[in-house]
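S.K.: Dropping a structure here in structure tokens format, bear with me for questions.
Computed from the coordinates by the stated procedures, all read-outs in this text should not be read as laboratory data. Worth saying up front: this structure is predicted, and the values here are computed from it rather than measured. No Cβ is skipped: glycine too gets one built from the backbone with ideal geometry, and neighbour counts run over all protein chains shown.
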Amino acid sequence: MVAFPLQHDTPGELATPHGRVRDWKKGECEPVPGLTMPTLVQVERDYTQIHAKFTSIGPLLEKLGMTTKGITYDVTQYVEELGRLNGIHRHGPAAGRPKLETDLQACEFILGLSGTTNGHMATEGFRTLEKRTGVHLHDLAAENEGKRIHFADTKAAPVPVITSPEWSGSETGGRRYSPFTINVERKKPWHTLTGRQHFYLDHDWLLEMGEALPVFRPPLDMTALFGETPLGEKDAGGTAISVRYLTPHNKWAIHSMYMENFFMMNLSRGGQTIWMSVEDAEAVGITDNDWIEAVNRNGVVAARAVVSHRMPRGTAFMHHAQDRTVNVPLTERDGMRGGIHNSLTRIMLKPSHLIGGYGQLSYAFNYYGPTGNQRDEVTMIRRRTAPVEY
């Protein structure tokens, strides 16, 4: 039995009427799976056949369909197509099932079962959504209903994706993606308790925290909590300075994607970088492109400094998911390989992120759930003095 969270876009998101939280452990209500406690799901596991199952497409796709944003897709025909494309296992527990043995087969699996790369799937999803909302939508994908994007297409050139109900933006007619355009322009209801954008959250926990309406919350005081050096102060030797450490998305990439194109490689400094302000750099003798180390209680990162007037004093950026295949030296602090953007971060859960069963505040993987409050982190940055070694 597996405890499964009260999911967004399911009846489970209505499990907390009026935001009143009742605790069955305290006798305030009965323990009812999927209502006053997590859903309990029976899952079959055969640990002697892990590899066979991991390298094949399982039968539950055809049996249960694929559900995202509250829409369940019948993917039987797409799984059959993947069997013809990837080949079929002939023996063992996966006999008769499409193969997932290679990276190419895994890519085709992903591309074949997403409306953003399978036009027929996107169009059918919008038709299902039309019945539920009473709003005309399927024309958003109809122009690409016969389009299928395969991995070979993405190797040949960048390929625009198809507008799909999996997302809230529209790229119909060649426009660029912008979130929530389908909600605004086509009046598709928002995935909230009211079906609209709304800001007041009448939930016990949020009321207790004083956050029923949007409010400003200052960053946590890492000096008081963990003994980190106060922002703007230097170490005893005056060689390192304390700054707020952020790990934003890269301005020119999506995670690590597109980092390897000609323009990005031409601009690259051949390894990881940390952006910092002119004032902070000058305070500890750092110049542009110097090797630096950032250190806090969580870890250490070796990188080059990008000293820029565009950075505000007291703040440093390390764009996440940078390429570490070249120019990652051993750190001066401990002689180990020089860390990544998350080496300095540590997830600290905010209690309100654990709310479930309350409309839009219901868990969905990679959609809503606990997040790392990375803007609360600080680090010491100093210029490297030892020779760079690999």
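S.K.: To make sure I understand, if each residue's beta carbon is the centre and we count other beta carbons within 10 Å, what order do Arg90, Arg333, Arg313 fall in, fewest to most?
M.R.: Arg90, Arg313, Arg333
S.K.: List, in order, the whole-Hz ³J(HN,Hα) value for each residue of segment 232-243 obtained from phi through the Karplus relation with A = 6.51, B = -1.76, C = 1.60 and θ = phi - 60°; use x for Gly and Pro.
M.R.: x, 8, 9, 6, 4, x, x, 9, 10, 10, 8, 9
S.K.: Just to be sure I understand: of the beta bridges DSSP finds with both ends in segment 222-383, what percent are antiparallel, rounded to 5?
M.R.: 75
S.K.: Evaluate the relative contact order of the chain (contact order divided by residue number), counting alpha-carbon pairs under 8 angstrom at least 6 apart; express in whole percent.
M.R.: Here the relative contact order equals 15 percent.
S.K.: Which one, (1) 67, 48, 41; (2) 66, 57, 50; (3) 67, 50, 37, gives Cα extents along the principal axes in Å as derived from the coordinates shown?
M.R.: Here the calculated entry is (2).
S.K.: With charges only on Cβ, +1 for K and R and -1 for D and E, what is the dipole size of the chain about its Cα centre, in debye, rounded to 20?
M.R.: Its charge dipole is roughly 220 debye.
S.K.: Cross-link candidates for Lys99: which aspartates and glutamates have Cα within less than 17 Å, leaving aside residues fewer than 8 places away along the same chain?
M.R.: Cross-link targets: Glu62, Glu80, Glu81, Glu108.
S.K.: For the chain, what is the calculated [θ] at 222 nm in deg cm²/dmol (nearest 500), taking -39500 (n - 2.57) for each run of four or more DSSP H residues and dividing by its residue count?
M.R.: About -5500 deg cm²/dmol.
S.K.: Taking every DSSP beta bridge with both residues inside the chain, roughly what % is antiparallel (nearest 5)?
M.R.: 75
S.K.: Looking at Thr194, Leu207, Ile162, which one has the Cα that reaches farthest to the positive end of the dipole of segment 149-211 (charges on Cβ: Lys, Arg +1; Asp, Glu -1)?
M.R.: Most positive-ward Cα: Ile162.
S.K.: Short version: ³J(HN,Hα) in whole Hz for each residue of segment 179-185, in order, from phi by Karplus 6.51 cos²θ - 1.76 cosθ + 1.60 (θ = phi - 60°), x for Gly and Pro, what are they?
M.R.: x, 6, 5, 5, 5, 6, 7
S.K.: Using the crude model of +1 on Lys and Arg Cβ and -1 on Asp and Glu Cβ, and no other charge, please compute the dipole size for segment 176-321 relative to its Cα centre, in debye to 20.
M.R.: Dipole about the Cα centre, nearest 20: 800 debye.
S.K.: Straight-line reach from Lys187: which aspartates and glutamates fall under 14 Å, measuring Cα to Cα and dropping same-chain residues less than 8 apart?
M.R.: Glu130
S.K.: Size of the dipole of segment 2-186 about the Cα centre, Lys and Arg at +1 and Asp and Glu at -1 on the beta carbon, nothing else charged, in debye to 20?
M.R.: The calculation lands at about 240 debye.
S.K.: With θ set to phi - 60° and the Karplus curve 6.51 cos²θ - 1.76 cosθ + 1.60, what are the ³J(HN,Hα) couplings of segment 303-315 in order, to the nearest whole Hz, using x for Gly and Pro?
M.R.: 7, 9, 8, 9, 8, 9, 5, 6, 8, x, 4, x, 10
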